[in-house]
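Student: Dumping the structure here so I can ask a few things about it.
The values are calculated or read from the model by the stated rules, or taken from the named source; none is laboratory data. No experiment lies behind these values; they were computed from the predicted model shown. Counting neighbours? That spans all protein chains shown, and the Cβs are built from the backbone with ideal geometry, glycine included. Each accessible area value is taken on the protein alone, full model and side chains, heavy atoms only, with ligands, DNA and RNA left out. Shrake-Rupley method; radii C 1.70, N 1.55, O 1.52, S 1.80 Å.
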Amino acid sequence: MILTGGLKSLLPHVLRRIIRCNRISISNTSGMAEGYKQANVIILHKSLADDFEKFCHANDGPLPLLHRSKPGDWKCSSLSSDSDIRTDCLQYRIYEHGACTGSLKSLKEYSEQLKDMVTFYLGCSFSFEKAVQNAGIPIRNVEQKCNVSMYKATVPCYSVSTFCCNLVVTMRPIPESKLEAAVLATSELKEAHGAPVHIGHTGLLGIQDLSKPDYGDPVHLHPGDVPVFWACGVTGVEAVINCRAPLAFTHSPGCMFITDLKNDNVTVRSSRKVPQVHCISQDPLHYSIVSAEAVRKIKTLETLIGIDPGDRGIIHLHRQGELLKACLAISHARSVLITTGFPTHFTYEPPEENDGPPGALAIAAMLQALEKEVAIVTDQRAMNLNRKIIEEAVQLGILKRPVPLLSYQREGADSALTFLCENGNPRRPRFDHLIAIERAGMAADGNYYNARKVNIKHLVDPIDELFLAGKNIPGVTTTGVGDGGNELGMGKVKDAVKKHIKNGDVIACDVEADFTIVAGVSNWGGYAIACALYILSTCELHDRYLRKAVGFPQLSKKMVWLAALPSVTKEEKLLKTLVRHGVRSGKTASLEMEVDGLPFYNTHSLMIEKLL
């Protein structure tokens, strides 16, 4: 019997021969034949083969197809010399009508049945372990001498005929300082599942307890480690179970077929497609992946909207990278709540200004195009006005359909929690992300002030409470967009507001948002969010991460997203609508932006001539 020492340096054909002779005392092939590709194995009746191949192509993250055999072909010359799939895995499982009926060391006794069966060789994450180690990253399960942890996620794969199942993922603990290195090391290894599909809290994948994997062994995290999840070929085993085929065979999870192919056929990566990792939430811990090119474009947007046309000193409020982090969080959200409305013209009816609603509707239009749920919450006194504006925005083609309009009133200590969560249960939030754009924010003394230090509290409903409550609801993140420091969410920069903004010591908003976007005009911030969401949606790396590498790329919807972007024509129509309803101008500005070399928008106001 051969023990484990030195196995990682043995050549694949030697290892297969040892396995074939049953002369090895290990339970999995992780860490063996370093630098060579390993494969998951699925063996099905030939009548199911075409559909399973389509299922693999539809979910190529977990099921990268290395080879499909002909019926009864036990060899695989394209992957290995002198191999025999009946004997060259450490262990096999047999499935009958979806039930696992046993484990086997050899399939030779089923040789007659195998004549009518097709073998699928699918890529495995064990193949990238050497690349990860070369990047200076520890492989914890190899250190701990155990199998990798595998979990059934609550992410559905794209179904094909009788093949349907949820995604299975592997988890590897990665030191927080090495997260981006791990993504870089694996993202181009498509045949070994490529980049991770999730980084951070397990509950976001529906995994309740890391210590209880569905397959493999529990792997312990070291202090400072973050759980990182890759798509896993055991997804194919789940598909076999749900297919309920009369007879099927698979490798036992972790007991891979070792090929003769090296992991040295990595394509040269364009600098534009270099992945970056960004933290978008601490509770629960959640990271996102995006390309360097998309980051560059969004940072350009952030710089453009930071122009200060009123020379009010907002440059001192800027927090670099907030637009990117906010939009990454919004991109991951399922349901978004937007609020706007600043009654600065307190002696008029209506008292609202026209900065805020256009930006809010631009965000809402893009969220609709991205097929996310979106609602707007506003002051009770302004419900009719906002309802009319939304109706006309639909008629003008700015919105695809009406946005649900809500109001919030404090009726008790739990009012905000009840509003935000089903039955007030913080584990069931109705909204994942809250956005305030040019929304009056509560100052430290509990009042609301316009820029001239006038208290307008009597015109403002306590929507701030939703943002305060959101801080205590895991999974809910918030964004504040403003241009003067007295807007909801600007509490994050209140010290700078007090120091650099006129009347800042009185008017500064005290309520923080997770992300603070400061713009020369708040509408610009809304337009930038819409544009940034478009950029993220057209980023292949981010799209793959969002869909967890299952199903097909969403880029076919690009024209729908493009049509939802803000434009000069849309803004002019909306501003005219606001004027018809008595909404006055609060500030004026003009700005042009380009992304991908195309003019995405320039913004106008009714008083542009005065500014010029």
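Student: Return the Rg/Rh value of the chain, two decimal places, where both radii are evaluated on C-alpha atoms and Rh is the Kirkwood radius.
Tutor: 1.07
Student: Could you work out the percent of alpha carbon pairs in the stretch 223-341 separated by over 25 Å, rounded to a whole number?
Tutor: Roughly 56 percent, rounded to a whole number.
Student: Also: Based on C-alpha coordinates, I'd like the Rg and Dmax of the stretch 409-551, in Å.
Tutor: 16.9, 54
Student: Now for a separate question. How many angstrom separate the Cα center of the stretch 153-202 from the Cα center of the stretch 33-59?
Tutor: Here the two parts' Cα centres lie 17 Å apart.
Student: So with the 1.4 Å probe, I'd like the accessible area per residue for the chain, rounded to whole Å².
Tutor: Accessible area per residue, the chain: 40 Å².
Student: Further question: For the stretch 191-287, how big is Rg over Rh, using alpha carbon atoms and the Kirkwood form of Rh?
Tutor: A ratio of 1.01.
Student: Using a Förster distance of 25 Å, how high is the FRET efficiency between Gln282 and Arg410, based on the Cβ-Cβ distance and rounded to 0.05? If you can, show how the numbers build up before the last one.
Tutor: Values: r = 27 Å, r/R0 = 1.10.
For R0 = 25 Å, the calculated efficiency reads 0.35.
Student: Assign unit charges at the C-beta atoms only (+1 for Lys and Arg, -1 for Asp and Glu), then state the dipole size of the chain relative to its Cα centre in Debye, rounded to the nearest 20.
Tutor: 940 debye
Student: Provide the net charge surrounding Lys453, with neighbours chosen by a C-beta distance below 10 Å and charges set as Lys +1, Arg +1, Asp -1, Glu -1.
Tutor: Within the 10 Å Cβ shell, the charges total +1.
Student: Using the Cα atoms of the stretch 478-590 to build a convex hull, what is its mean projected area in square nanometres? List each step's numbers first, then the result.
Tutor: Details: hull surface 38.1 nm².
Orientation-averaged projected area of the Cα hull: 9.5 nm².
Student: Among the GluC sites (Glu not before Pro) within the stretch 339-441, which fall in a DSSP loop and have no more than 16 other Cβ atoms within 10 Å of their own Cβ?
Tutor: Those satisfying the criteria are Glu371, Glu411.
Student: Would you mind checking the stretch 37-69 for residues with the amide N under 15 Å from a putative spin-label position 7 Å along Cα→C-beta of Lys115?
Tutor: So the set is 46.
Student: Given just the C-alpha atoms of the stretch 129-231, how large is their convex hull per residue in cubic angstrom?
Tutor: Per residue, the Cα convex hull of the stretch 129-231 comes to 105 Å³.
Student: What is the chain's relative contact order, in percent, from Cα pairs under 8 angstrom and six or more apart in sequence?
Tutor: Once divided by the residue count of the chain, the mean separation gives 14 percent.
Student: Follow-up. P(r) for the stretch 278-611: what percent of alpha-carbon pairs falls in each 20 Å bin, starting at zero?
Tutor: Going from the shortest bin to the longest, the percentages are 34, 61, 5.
Student: What is the Cα radius of gyration of the stretch 72-173 over 2.2 N^0.38 Å, N being its residue count?
Tutor: Its radius of gyration relative to the 2.2 N^0.38 Å reference: 1.32.
Student: Among Gly102, Ser149, Cys165, which residue has its Cα positioned farthest towards the positive end of the charge dipole of the stretch 94-191, with +1 placed on the Cβ of Lys and Arg, -1 on the Cβ of Asp and Glu, and the dipole taken about the Cα centre?
Tutor: The Cα lying farthest towards the positive end belongs to Ser149.
Student: How large a share of the accessible area of the chain, in percent, is made up of carbon and sulfur atoms when the probe is 1.4 Å and the other protein chains stay in place?
Tutor: Looking at the chain in its full context, I get 51 percent from C and S.
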